[in-house]
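Structure first, commentary second.
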């Protein structure tokens, strides 16, 4: 349970911010994707300038990697942080050795710009979704495309693996979420929980729940075991990023720059922090009890919770 104090009618959580308002200032850089390492020391981001930036938080050193021939729209770190995976408007997906900062794989089978990427926790598979609704699955070790198929009728906005790496879950501009078996790539379930484009998707640590947000301002928590909606509610603004913290707490950010928390899956939210620009991404980490928030202007917070 989050501990909070009341001050001036607001809920103030018992956390301290390691770096309050920190600006990644790179002229002409439009950030499309960003994340942070688990030790909170390196912010990895990319965008319209076609390069991967690795920004060291403490000494503010920045490393640039010439990565793609067009803007980078998707970027993630593998769970063990050995690899960076990027997807671009140049229709390629690339894997980079994070420690040695060099490209080790390049996949060129896509039909259109890559909008979302994922890598399984065992690093065996990479998945990507493009702007035409196609999903691609590659066998990383064998450098082989093992499956490509038309999955949605619109852009793939998010793609994730289950934590045990037996399922792929995709969301789309067509408003649908689809759950796919990694064994045979058959659809296990099609969810029509939103009226408009699904913007963000995440899965709980125990693989029992997924949470999604939509352009219709709705947030839906869905139980994969019972195959039922646990909760559905609406925010005042469109929610751009939603993430589980463990299994029972959810953080989300919206286009008004607000970051809010849902405790124990109960409908009813509390404001955690507020910024001037729309939230681009949230990264949660239960091991070091942290929350990373970055907005479209490159301003980020690293929040460390005292008791969560």
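What follows draws every value from the coordinates through simple rules; no lab data is involved. None of these values were measured; they are calculated from a predicted model. Don't worry about glycine lacking a Cβ; one is built from the backbone with ideal geometry, like all the others, and counts go over all protein chains shown.
Of note:
- Theoretical FRET efficiency, 1/(1+(r/R0)^6), r = Cβ-Cβ of residue 29 and residue 288, R0 25 Å, to 0.05: 0.35
- Taking other C-beta atoms within 10 Å as the exposure proxy, 122, 130 rank 122, 130 from fewest upward.
- Between residue 163 and residue 124, the simple label model (points 7 Å from Cα in the Cβ direction) yields a spacing of 1.9 nm.
- Among 38, 228, 64, the largest mean-square fluctuation in a Gaussian network model of the chain, built with springs joining Cα atoms closer than 10 Å, belongs to 228.
- Pairwise FRET efficiency - residue 248 versus residue 142, Cβ, R0 = 25 Å, nearest 0.05: 0.05
- Mean separation of Cα contacts under 8 Å (6+ apart) over length of the chain, as relative contact order %: 13 percent
- As a rough guide to protection, the peptides 40-47, 29-36, 53-60 ranked by mean Cβ packing within 10 Å, highest first, stand as 40-47, 29-36, 53-60.
- The convex hull drawn around the Cα atoms of the chain, when projected onto a plane and averaged over every direction, covers 14.8 nm².
- Euclidean distance of C-alpha centroids, the range 44-81 and the range 146-192, integer Å: 26 Å
- Residue 230-residue 41 FRET efficiency (beta carbon distance; Förster radius 35 Å; 0.05 resolution): 0.50
- Choice from 131, 240, 37 showing the highest fluctuation, given a GNM over the chain with Cα pairs closer than 10 Å: 37
- Counting beta carbons within 10 Å around each of 227, 205 and listing the fewest first gives the order 227, 205.
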